[in-house]
Structures are given as structure tokens and as C-alpha cells.
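Undergrad: Take this structure, written in C-alpha cells, and hold onto it; I'll ask about it next.
The values are calculated or read from the model by the stated rules, or taken from the named source; none is laboratory data. Quantities reported herein were computed from a predicted structural model and do not represent experimental measurements. Every residue, glycine as well, gets a Cβ built from its backbone with ideal geometry; the counts of neighbours run over all protein chains shown. Areas reflect the complete protein model, heavy atoms only, side chains present, ligands, DNA and RNA absent. Shrake-Rupley method; radii C 1.70, N 1.55, O 1.52, S 1.80 Å.
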Amino acid sequence: MKPREVRLSTTPTPEEIANLRLGDIVYLDGLLYTAREGVYMRALEDKANIPMELASASAANFHCSPAATIREDGSFDMGAVTATASFRFAKWLPDWMAKTGAKLIIGKGGMSSKDYKAYFVPNGAVYLSTVGYGTGALLGRGVEAVEAVHWHEELGLAQAMWVIRCNRMGPFIVASDLDGNCLFERENAQISKNLDRVYVGTKPAVLKRFGETDDRNDEVIG
């Protein structure tokens, strides 16, 4: 079945979030901001004032390091926007979502259903995934303008809080829902059912590295 395409505001209503289904393809309109460990530590641990109104301005937090520079005249040059792995920031997400009202967490790799149920569901948030490498230029086409960049002097350009106005930025894949279900876990469970059939008739490996097994289910990342 062909995935459903959804145009979604970066300040979505609860009804719009509830309507999202695992596997939907989402394109975003509005303001989104980049925030990862540098921003989280500065705002949550150092108690610095967040330099924009969240979530009225944006409820979309993108885990990425944009290929961007600040010109001498203060204007911005932004090209690719490549996602980074979100699981590295999981410990900050509950406090960040509670503090800022973030409803869309965007990145690559995702997390487990256990994390979604513990962190996302209580905050009415969902995870949107991209594959990271190879899609940076594609996502960059959705950048309409850079509105501002905050804390770049303190954190550097990669860790700074970039505020991006986007127009049909995507595609992103809905990887969690308001029940805490995980798209990747669901699909991996389906794939693992047929792994034994794929390897019928093949011989066990003769040479093995430390830690390798003949259990084909070990090839599926849970």
C-alpha cells in the first residue's frame, strides 16, 4: 500500500498529531529549529533563557548540523541539512519537551518503543525520521530562509540553535505514534519471520569473528 503523504505545520494541533499513522510521509511548513546536546545542556543544565518563543513559534526540534555559514554582513548561507542520530540525546528529551512544548522530534535512527512510551507519549509528541546521509541536499530544498541563529558564539555553528523557515521540507517518515508504537520495531518483526526461509540450503560460516552467530535473527536490529 502506498504511504500516505501529509503536509504538516511545525505548530501542529493535537488533532493533527493524533491523525498521523506509522509510515506516513510528512512534509513540513513553518519554522523549525535545530537543537541537540549543546542547546539542551545550555538551556536545561545551565538554565539559560531560550532565545525564542516555543512552542508558539515552533514545536519542531530537528536533530541536525546544517551545512551553513554566517556571512560578514550577518546574512546566512545554508545548503544541506543532514540529520544526526537522535538516541544520543534521549536523556534530555523529556525535560526539553516538557519545557518547550516540542511535539515533533526529527532526526535519524529513532528510538525504541520503550523510549517513545516513556518520553514522547506523556508529552503528546511523535518522532519523524529521515535516513540522514544522502538526504541533506534534498531536505535543503525545503529551506525557504534562515530566520536566526542563536548561541553560535558559545556553542559553535554545528551546535548552535538555527531557526529555519521551511516550505514543504521533507520527506520525513512517521516513526512513532501517540501510543508509543515504533515503526522500525513493527517492520523488523515482520522481516524476521521470513529470515530462516531466505537462508534455507546455505551452509554455516566456516570462519567466524568473535561474537558472530548463525542465528539470522541477530541480523535484525531491534
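Undergrad: Output the residue which, of all residues in the range 141-153 that are touching a strand residue (DSSP E or B) at 6+ places or on another chain (Cβ under 9 Å) and surrounded by fewer than 18 Cβ atoms within 10 Å (Cβ to Cβ), is farthest from Gly74 (Cα to Cα). Before the answer, list the steps.
TA: Our first condition is that a residue be touching a strand residue (DSSP E or B) at 6+ places or on another chain (Cβ under 9 Å); within the range 141-153, this holds for 141-152.
After this cut, where a residue has to be surrounded by fewer than 18 Cβ atoms within 10 Å (Cβ to Cβ) as well, the list is 141, 144-148, 152.
Numbers: Arg141: 22, Glu144: 17, Ala145: 14, Val146: 11, Glu147: 11, Ala148: 10, His152: 12 Å.
The selected residue is Arg141.
Undergrad: Those residues that are of a type in the set (A, V, I, L, M, F, W, C), outside any helix (DSSP H, G or I) and modelled with pLDDT under 95, I need them from the range 119-142; list them, please.
TA: Residue satisfying the conditions is Val131 alone.
Undergrad: Restricted to the range 199-222, and to residues that are surrounded by 11 or more Cβ atoms within 10 Å (Cβ to Cβ) and within 26 Å of the chain's Cα centre (by Cα), which residue is modelled with the highest pLDDT?
TA: That would be Asp218.
Undergrad: Being in contact with a helix residue (DSSP H, G or I) (Cβ under 9 Å, 6 or more places away or on another chain), in a strand (DSSP E or B) and among the small types (Gly, Ala, Ser) is the filter here, so list the residues in the range 143-196 that pass it.
TA: Gly170, Ser176
Undergrad: Now a separate question. What are the residues in the range 5-61 that are in a helix (DSSP H, G or I) and open to solvent by 20 Å² or more (accessible area, probe 1.4 Å), if any?
TA: First pass over the range 5-61, keeping only residues in a helix (DSSP H, G or I): 14-18, 37-45.
Selection gives Pro14, Glu15, Glu16, Ala18, Glu37, Met41, Arg42, Leu44, Glu45.
Undergrad: A follow-up question, please. Checking Trp96 against (1) assigned to a loop (DSSP other than H, G, I, E, B); (2) open to solvent by less than 20 Å² (accessible area, probe 1.4 Å), only one condition comes out false. Which one?
TA: (1)
Undergrad: So is Ala67 free of Cβ contacts under 8 Å to residues at least 60 places away in the same chain and in contact with a helix residue (DSSP H, G or I) (Cβ under 8 Å, 6 or more places away or on another chain) or not?
TA: The answer is no for Ala67.
Undergrad: So, in the range 43-78, how many residues would count as being among the small types (Gly, Ala, Ser) and touching a Ser or Thr at 6+ places or on another chain (Cβ under 9 Å)?
TA: As a first pass, look at the range 43-78 and keep what is among the small types (Gly, Ala, Ser): 43, 48, 55-60, 65, 67-68, 74-75.
Keeping just the survivors that are touching a Ser or Thr at 6+ places or on another chain (Cβ under 9 Å) gives 43, 55-60, 65, 67.
Of the residues in the range 43-78, 9 are among the small types (Gly, Ala, Ser) and touching a Ser or Thr at 6+ places or on another chain (Cβ under 9 Å).
Undergrad: Name every residue in the range 159-198 that is charged (D, E, K, R) and at pLDDT 95 or above, in order of residue number. Explain how you work it out, then say what you get.
TA: As a first pass, look at the range 159-198 and keep what is charged (D, E, K, R): 165, 168, 177, 179, 185-187, 193, 196-197.
Within the range 159-198, Arg165, Arg168, Asp177, Asp179 qualify.
Undergrad: Would it be correct to say that Thr69 is β-branched (Val, Ile, Thr) and buried (at least 19 other Cβ atoms within 10 Å of the Cβ)? If you could, list the steps in order and put the result at the bottom.
TA: Working: β-branched (Val, Ile, Thr): yes; buried (at least 19 other Cβ atoms within 10 Å of the Cβ): no.
Answer is no for this residue.
Undergrad: So, one more: What are the residues in the range 99-113 that are among the polar types (S, T, N, Q) and open to solvent by less than 10 Å² (accessible area, probe 1.4 Å), if any? Full working, then the answer.
TA: Step one: of the range 99-113, the residues among the polar types (S, T, N, Q) are 100, 112-113.
The answer is Thr100, and nothing else.
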